[in-house]
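**Student:** One structure, pasted below without further comment.
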Amino acid sequence: KGINPDVPMKYSGVEWLGEIPEHWEVKRLKYVSHIQTGVTLGKSYINQVLETRPYLRVANVQDGYIDISDIKTIELPNNEISRYVLQKGDVLMTERGDFDKLGRGYIWKGQIKGCLHQNHIFAVRPIYKYLNSNFIAAFISSKKCKNYFIFTAKQTTNLASTNSTHLKNLKLLLPPLNEQQEIVSFIEKKSEKIGRSLTVIEKEIKLIQ
């Protein structure tokens, strides 16, 4: 609902979003970003010159951070590499996993030059005149958004998977860019305060033990 408690509201047209500030828009993610799918592992390339590149697996994409402590490599033709290369600012999302981990992800900050991603990870690349990377990462990690992925997911015992169609059709709250940044800054400040509180509590628990 934004930061201003007195802003005039309107119905979003989306039941699970409810009311939103009247100057905000609701757009499907596919209209304000590019959704990049990853490389499929195990392909056979016969009589082609191959190049070795690092790539991210699902295990590397955690909820709130990217784990690059164990990076694998893959060989593929040079003319295919550009389709899977990550760019700084891409928001990475997992395609499948436990119900509570579906859609988990974080922002790629260019930690490894020329890094690719496998097909079970989506890279959401914002169109920057509409969308801030940090804002979309925060929105995707919200409870309502996670519920959307669970509701639309293909489900098996203890596991769920989504696809690029559901991701592209995700209805996104779209404040103006300057307000997106204000919201991101607000979240960061609150998160820092919570983090400091948790650190103090953890020290107290250890002391008591």
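The values are calculated or read from the model by the stated rules, or taken from the named source; none is laboratory data. It should be emphasised that the depicted structure is a prediction, and the values quoted were computed from it without experimental measurement. We place every Cβ from the backbone using ideal geometry, glycine too, and count neighbours over all the protein chains shown. SASA here: full protein model, heavy atoms, side chains in, ligands and nucleic acids out. Shrake-Rupley method; radii C 1.70, N 1.55, O 1.52, S 1.80 Å.
**Student:** Scale the Cα Rg of segment 156-209 by the rule-of-thumb value 2.2 N^0.38 Å and send over the ratio, two decimals. Before the final figure, lay out the partial values.
**Tutor:** On the way: Rg = 19.1 Å, N = 54, 2.2 N^0.38 = 10.0 Å.
Compactness ratio reported: 1.91.
**Student:** Grab the eigenvalues of the alpha-carbon gyration tensor for segment 30-149, scale each by 5, take roots, and send me the semi-axes largest first in whole angstrom.
**Tutor:** Result for segment 30-149: semi-axes of 26, 16, 13 Å.
**Student:** Return an integer: the convex hull volume of the alpha-carbon atoms of segment 122-166, in Å³ per residue.
**Tutor:** 86
**Student:** Shifting gears a bit: So which chymotrypsin sites (Phe, Trp or Tyr not before Pro) in segment 1-86 end up in coil per DSSP with only 12 or fewer other C-beta atoms within 10 Å?
**Tutor:** Listed in order of number, the matching sites are W16, Y45.
**Student:** Counting only C-alpha contacts under 8 Å and six or more residues apart, can you give the relative contact order of segment 119-209 as a whole percent?
**Tutor:** Values: 37 pairs, mean separation 27.0, N = 91.
RCO, segment 119-209: 30 percent.
**Student:** How much net charge surrounds K109 when only other residues with a Cβ under 11 Å from its Cβ are counted (Lys, Arg +1; Asp, Glu -1)?
**Tutor:** Residues near K109 contribute 0 overall.
**Student:** Using all alpha carbons of segment 1-98, what is the percent of pairwise distances in each 10 Å bin, ordered from the shortest bin to the longest?
**Tutor:** Percent of Cα pairs in each bin: 11, 30, 25, 18, 11, 4, 0.
**Student:** Would you mind working out the accessible area per residue for the chain, using a 1.4 Å probe, and quoting it in Å²?
**Tutor:** With all protein chains present, the chain gives 59 Å² per residue.
**Student:** For the chain, compute the orientation-averaged projected area of the C-alpha convex hull (one quarter of its surface), in nm². Before the final figure, lay out the partial values.
**Tutor:** Numbers: hull surface 60.7 nm².
In nm², the orientation-averaged hull projection of the chain is 15.2.
**Student:** In whole percent, and with a 1.4 Å probe on the protein chains, what portion of the accessible area of the chain is carbon and sulfur?
**Tutor:** Here it works out to 52 percent.
**Student:** May I pose another question? Beyond 21 Å between alpha-carbons counts as too far, so tell me which of K109/K171; K109/K144; K27/K88; K146/K203; K129/K193; K1/K27 fall in that bin.
**Tutor:** Working: K109/K171 25 Å; K109/K144 26 Å; K27/K88 23 Å; K146/K203 32 Å; K129/K193 31 Å; K1/K27 16 Å.
Beyond 21 Å: K109/K171; K109/K144; K27/K88; K146/K203; K129/K193.
**Student:** Here is a further query. For the chain, which longest stretch is free of loop sites, where a loop site is one of the GluC sites (Glu not before Pro) that DSSP puts outside H, G, I, E and B and that has at most 13 other Cβ atoms within 10 Å?
**Tutor:** Here the longest segment lacking exposed loop sites spans 23-209.
**Student:** Please give the net charge around S33, taking every other residue with its beta carbon less than 11 angstrom from that of S33, where Lys and Arg add +1 and Asp and Glu add -1. Don't skip to the end; give the middle numbers.
**Tutor:** Values: positive: K27, R28, K30, R125, K168; negative: D90.
For residues surrounding S33, the net value is +4.
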